Amino acid sequence: MIYFIGAGPGAVDLITVRGMELLKRADLVIYAGSLVNPELLTYCGEGCEKMNSASMTLEEVIAAMAARPRTQTVVRLHTGDPSIYGAIREQMDELDRLGYNYEVVPGVSSMNAAAAVLKAEYTLPGVSQTLIVSRMAGRTPVPEKEDIRSLAAHGASMALFLSAGMLEKLCGELIEGGYAPDTPAAVVYKATWPDEEVVKGTLETLPQKAAHLGRTALVLVGGFMGSEYERSKLYDPAFSHMFREAKK
Ligand code: SAH
């Protein structure tokens, strides 16, 4: 069986228990070398073959998977959660075409890890109930309707992947799109890795403050990093719901 597994954001103990168990019994692991923590590979058994997909094409990845007897365990290890910029769909479609079975094991995305590092909640009552996950266009184009400026018009919480290398342009477009220049913004570099670094500021100050950070970083934007919000209804003493009567 072939398993697409989310390796988590970096720290070895942030892979799921299911992912770790499969990793331990894998015969072949193909890992996304640039972002998966290599320490995870030390949990593989002795006979396990490990391949770094950084230098491989889609065709080569599929060929390596297909070269294994179907009784073996093949792990395709992706950073964070595989459903976010993981390029797994094209692999799964190819496996479907060839008649191979596979499963997907979710992972902790770096957007979850970054929120944990900041001790933040993306969906604060009275601030935003929406998290927009997007990126700046790079070599992969972004559909025109999803232009950063038009997404910014919502004023929602935003987690931006693959864009830390274009911080100045990004923050400029977010302001053009409608966020106030003093909207809280942060760059979380290598969340949960030993060299993790956080820079907090505003859309105006962030490009300069975070210029020294590398690209393995998320850009977070929104009032959810500010001080104002409303209390939740769920834990409000004056509010009844299915499991609790309001206190008079
Ligand atoms: N599937 C991954 C994202 C892969 S795209 C996930 O769910 O997290 C690669 C981008 O993810 C990087 O450019 C960066 O923006 C972000 N990223 C991955 N790991 C990160 C980490 N530990 N800290 C901050 N950002 C990270």
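What the table below lists for this structure:
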quantity: Evaluated over the chain, the Cα radius of gyration and Dmax, each in Å; calculated: 20.7, 68
quantity: Filtered GluC sites (Glu not before Pro), region 142-248: DSSP coil and at most 10 other beta carbons within 10 Å; calculated: 228, 230, 245
quantity: Charge dipole magnitude, Cβ of K and R +1, D and E -1 - region 1-135, Cα centre, debye nearest 20; calculated: 140 debye
quantity: Backbone HN-Hα couplings from phi across region 4-12 [Karplus 6.51/-1.76/1.60, Hz, Gly and Pro as x]; calculated: 8, 10, x, 7, x, x, x, 3, 4
quantity: Number of Lys pairs (Cα under 29 Å; 8 or more positions apart or on different chains) in the chain; calculated: 18
quantity: Most to least packed among 151-161, 126-136 [average Cβ atoms within 10 Å]; calculated: 151-161, 126-136
quantity: The chain - mean residue ellipticity at 222 nm from DSSP helices (-39,500 (n - 2.57) per run, n ≥ 4, rounded to 500); calculated: -6000 deg cm²/dmol
quantity: Stretchable slack from residue 63 to residue 98, in nm (0.36 nm times residue separation minus alpha-carbon distance); calculated: 11.5 nm
quantity: Carbon + sulfur, % of accessible area of the chain - ligands and nucleic acids excluded, 1.4 Å; calculated: 52 percent
quantity: If the convex hull is drawn through the Cα atoms of region 110-225, its volume per residue in Å³; calculated: 90 Å³
quantity: Average projected area [Cα convex hull, region 10-154], square nanometres; calculated: 10.9 nm²
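The values are calculated or read from the model by the stated rules, or taken from the named source; none is laboratory data. On a predicted model such as this, the values are computed, not experimentally measured, just so you know. Using ideal geometry, Cβ is built from the backbone for each residue, glycine included, and neighbour counts are taken over all protein chains shown. Please note that ligands, DNA and RNA were not included when accessible areas were found on the heavy atoms of the full protein model with its side chains. Shrake-Rupley method; radii C 1.70, N 1.55, O 1.52, S 1.80 Å.
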